[in-house]
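These notes concern the structure reproduced below.
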Amino acid sequence: MSDADALAGLHPDTLLIQGGTLRSQFGETSEAIFLSSGYVYENAEDAEARFSGGAEGYVYSRFGNPTVTMFETRMALLEGAGVARATATGMAAVTSALLCCLKAGDHVVASRAMFGASRYVIEDLLPRFGIPATLIDGRDLAQWRGAVRGNTRVLFCESPANPLLELVDLAGVAAIAKQAGALFMVDNVFATPMLQKPLRLGADVVIYSATKHIDGQGRCLGGAICSGAAFVEKYLKDFLRMTGPTMSPFNAWVLLKGLETLPLRVERQTATAARLADWLAERPEIEGVVYPGRRDHPQHDIAVRQMTGGGPLVALRLRADKAATFRFMNALRLIKISNNLGDAKSLIAHPATTTHYRLTDAAKAELGITAGTVRLSAGLEHPDDLIADLNRALGLAQII
Ligand SMILES: *Cc1c(COP(=O)(O)O)cnc(C)c1O
């Protein structure tokens, strides 16, 4: 029985433990790390056949590596994608997915609420190569429709978006992309692969920073691009081979083991985030809590339609200026200040002065990023301890 037959119809939890495993002649239970840059051949004819694609087998770890293949296969099974390809970082995934298929004269439409570095790539880098981008309010389907031109090749968004958890109607944008003959790419980091399946909603390409929940313990960087086989064959395969944004086999192994516990972690982190959001919403120091799982999220209906949970992140608007917001953050003992997210440790970030510091004040205002805006990434600590930490810090910060 082939591996694919044995795995057909299994639940994601099972696929994430058994899927994609390649065993060496030693029969190891845990996946092996193949820290090898190259491969040797039986003879010169074998080398020739592998290079021409006439024979199966690895040729060089920039092209492929068994540990990286295991991670890629498991990601593809999880995502329900034809193919998943690993990259060194999430940003390598964003940049490669875009650059592999775009050329001078093409046009991109993107939702303006996104990860700071992705915004740099789309807003500053692509135009230098003759690929202009139109940034829009991704919540509004009419703006997507209005921004599409004859030469639009890619529609790009995050949902929920960093940092204020705005949602994009993915099926709605997918339909616009289809009509325009453009590719629809979704950065699915904030939803995690457990809670949202953009490919099922009509997206063509799904992008991950595996650094976040896929690793889940803050150990290493990684990225993944998931799509149908045609996109990989036509655009991505040669781009990755020749430009080399390759994932290290060691990181692939860490991330592969991360996938085994992803469903458990995301379930717990989502439950904790929902509890923290509800508790914070009752506090007088908080002007507003933004959480897709709450009924008061302005796009809660979209969350219900396309996500199976509110996600592990919460955004807060404190009734506070920068100084009082910093006092609150500095008073936290358990929740650590970090721009990272998706860790087992709960983390808090101040987007205006870190992840989005590069934006002008006007651009920050447009995104609703104020001096009192913070982003909270729920970890795996006991939620009662996190609430006690927030309670203590809010008291000490003397916000109101
Ligand atoms: C972290 C992140 C990225 C970039 O990933 P790296 O692994 O840090 O390169 C891209 N998009 C989103 C939404 C992220 O959170």
Test item: Cα-centred dipole of the chain, Lys/Arg +1 and Asp/Glu -1 on Cβ, debye
960
Sequence gap at least 6, Cα distance under 8 Å: using those rules, report the relative contact order of the chain to the nearest whole percent.
16
Modelled FRET efficiency - R0 51 Å, HIS382 with ARG145, Cβ distances, 0.05 increments
0.65
Cβ neighbours within 10 Å, averaged per peptide: list 23-32, 287-296 in order, most packed at the top.
287-296, 23-32
Beta bridge orientation in the chain: antiparallel %, DSSP, nearest 5:
55
Dipole in debye (nearest 20) - the range 289-400, about Cα centre, beta carbon charges: Lys, Arg +1; Asp, Glu -1
180
Give the residue list of trypsin sites (Lys or Arg not before Pro) in the range 129-228 that are DSSP loop and have at most 10 other beta-carbon atoms within 10 angstrom.
none
Angle between the Cα long axis of helix 383-397 and the longest principal axis of the chain, 0 to 90 degrees, nearest 10?
50
If you average the sequence gap of Cα pairs under 8 Å that are 6 or more apart and divide by the length of the range 263-397, what percent do you get for the contact order?
29
I need the trypsin sites (Lys or Arg not before Pro) found in the range 34-103, filtered to DSSP loop residues with at most 10 other beta carbons within 10 Å of theirs.
LYS103
What is the range 221-277 by shape, rounded, prolate or oblate, if you read a ≥ b ≥ c off the alpha carbon gyration tensor as root eigenvalues and call it rounded for a/c under 1.5, prolate for a/b larger than b/c, and oblate otherwise?
prolate
Mean Cβ count within 10 Å, highest first, over the residues of peptides 270-279, 228-237
270-279, 228-237
Listed residue (SER338, PRO284, LEU313) projecting farthest to the positive dipole end of the range 263-351, Cβ model:
SER338
Please compute the modelled spin-label separation between ALA229 and LYS178, points set 7 Å along Cα→Cβ, answer in nm with one decimal.
2.2
How do 299-312, 181-194, 250-263, 361-374 rank on mean C-beta neighbours within 10 Å, highest first?
181-194, 250-263, 299-312, 361-374
Please work out the ratio of the alpha-carbon Rg of the chain to 2.2 N^0.38 Å and round it to two decimals.
1.01
Chymotrypsin sites (Phe, Trp or Tyr not before Pro) lying in DSSP loop within the range 307-400, provided at most 13 other Cβ fall within 10 Å
TYR357
Flagged as over-length at 22 Å C-alpha distance, from LYS212/LYS322; LYS197/LYS336; LYS212/LYS234; LYS103/LYS234, the pairs are LYS212/LYS322; LYS197/LYS336; LYS212/LYS234
Between PHE250 and GLU56, with labels modelled 7 Å along Cα→Cβ, what's the label distance in nm to one decimal, could you check?
3.0
Given a Förster distance of 35 Å, report the FRET efficiency between ALA6 and SER36 from their Cβ-Cβ distance, rounded to the nearest 0.05.
0.80
Need one word for the range 153-254: rounded, prolate or oblate. Basis is the Cα gyration tensor (sqrt eigenvalues a ≥ b ≥ c); a/c below 1.5 gives rounded, then a/b vs b/c decides.
oblate
Give, in nm to one decimal, the length gained when the segment between ALA363 and THR14 is fully stretched (0.36 nm per residue of separation minus the Cα-Cα distance).
121.3 nm
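Every read-out reported here was derived from the displayed coordinates using simple, explicitly stated rules and does not represent laboratory data. No experiment lies behind these values; they were computed from the predicted model shown. Note: ideal-geometry Cβ built from the backbone for every residue, glycine included; neighbour counts use all protein chains shown.
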